[in-house]
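Since the structure comes first, as structure tokens, the remarks are kept for the end.
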Amino acid sequence: RPPPAETRGREQGRIHFAPATGDDKEWVDFRAWVQRELIPVLSDHKDKIVMAKGQNAEVWPCVDSPTVGNDVKCAYLQTPGPRFETRSEIKGYRQLGDIVGMTCASEWTLASELKLPYVLICAIDNSANGLSTHAGGPVQEYLDHKGAISTVTGALVRALTMALSRREVW
């Protein structure tokens with residue numbers, strides 16, 4: 001259906017009910033560009049990066065394939081925060097998704113409506129701390145893990161920031 005006459009010729013946002021699909025060429029191209037730009041981070045920090053199930057150096061930082069399809073391979077579940085999820089929540093979330101976070105789904109929706117490129121890069125910093133058996137408790141487990149991955153997270157942010165500052169075509 002064409003846009004209303006009063007809005008024709010003006011930039012309009014769009015809404016994706018799924019974050020993106022394989023037929024969204026602009027998003028697919030941006031995703032491939034981000035992957036190429038982040039490959040050096042893996043080379044420099046491979047001793048600190050733990051791959052997800054099905055992930056390897058050829059597809060990193062993608063989950064299991066650099067190819068974009070319309071099927072769901074990894075589901076992000078958004079929860080209210082900031083807080084650790086309870087044991088019951090974590091058990092329930094296992095059936096609903098693969099990654100739990102507090103902001104990315106809302107960010108993706110807003111970016112999509114504004115036609116801003118958006119790629120989710122997750123550095124897991126809370127490995128279901130509500131189920132923690134760490135001697136120091138879940139907060140200490142979180143702090144220990146956060147310290148261990150801070151170098152990699154910083155390298156990802158630096159690499160992407162530098163790459164974005166050089167990028168000429170949007």
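Read the figures in this text as sums done on the coordinates, not as results from a lab. Please read these numbers as outputs of a predicted model, since none were measured by experiment. Methodologically, a virtual Cβ is constructed for each residue, glycine included, from the backbone with ideal geometry; neighbour enumeration extends over all protein chains shown.
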If R0 = 30 Å, then Asp125 and Ser65, at their Cβ-Cβ distance, give a FRET efficiency to the nearest 0.05 of 0.75
Net charge near Ser150 (other residues with Cβ under 14 Å of its Cβ; Lys, Arg +1; Asp, Glu -1) is +1
HN-Hα couplings for the range 25-35 via Karplus (6.51, -1.76, 1.60; θ = phi - 60°), in whole Hz with x for Gly/Pro, come out as 4, 4, 5, 4, 5, 5, 4, 5, 5, 4, 4
Full extension between Ala135 and Trp33 adds, at 0.36 nm per residue less the Cα distance, a length in nm of 32.5 nm
With +1 on the Cβ of every Lys and Arg and -1 on the Cβ of every Asp and Glu, the dipole magnitude of the range 89-170 about its Cα centre, in debye rounded to the nearest 20, is 220 debye
Residue-ordered couplings for the range 86-91, obtained by feeding phi - 60° into the Karplus form 6.51 cos²θ - 1.76 cosθ + 1.60 and rounding to whole Hz (Gly and Pro as x), are 6, 4, 5, 4, 4, 4
Placing each pseudo-label 7 Å from Cα in the direction of the beta carbon, Ser106 and Asp23 end up separated by a distance in nanometres of 3.2 nm
Partner lysines whose C-alpha sits under 19 Å from that of Lys146, ignoring same-chain residues fewer than 8 away, are Lys46, Lys48
Computed on Cα atoms, the radius of gyration and Dmax of the range 23-170 in angstrom are 16.4, 50
Once Lys and Arg are counted +1 and Asp and Glu -1 for all other residues with Cβ under 14 Å from that of Val119, the total becomes -2
Straight-line reach check, Lys115, cutoff 13 Å on alpha carbons, 8 or more apart in-chain or any other chain, hits among aspartates and glutamates -> Glu11, Asp24, Glu26, Glu107
Counting only residues 5 or more apart in sequence or on a different chain, those whose built amide H sits under 5 Å from that of Leu77 are Asp98, Ile99, Val100, Gly101
For the range 130-137, Karplus-derived ³J(HN,Hα) couplings (6.51, -1.76, 1.60; θ = phi - 60°; whole Hz; x for glycine and proline) come out as x, 9, 4, 10, 4, 4, x, x
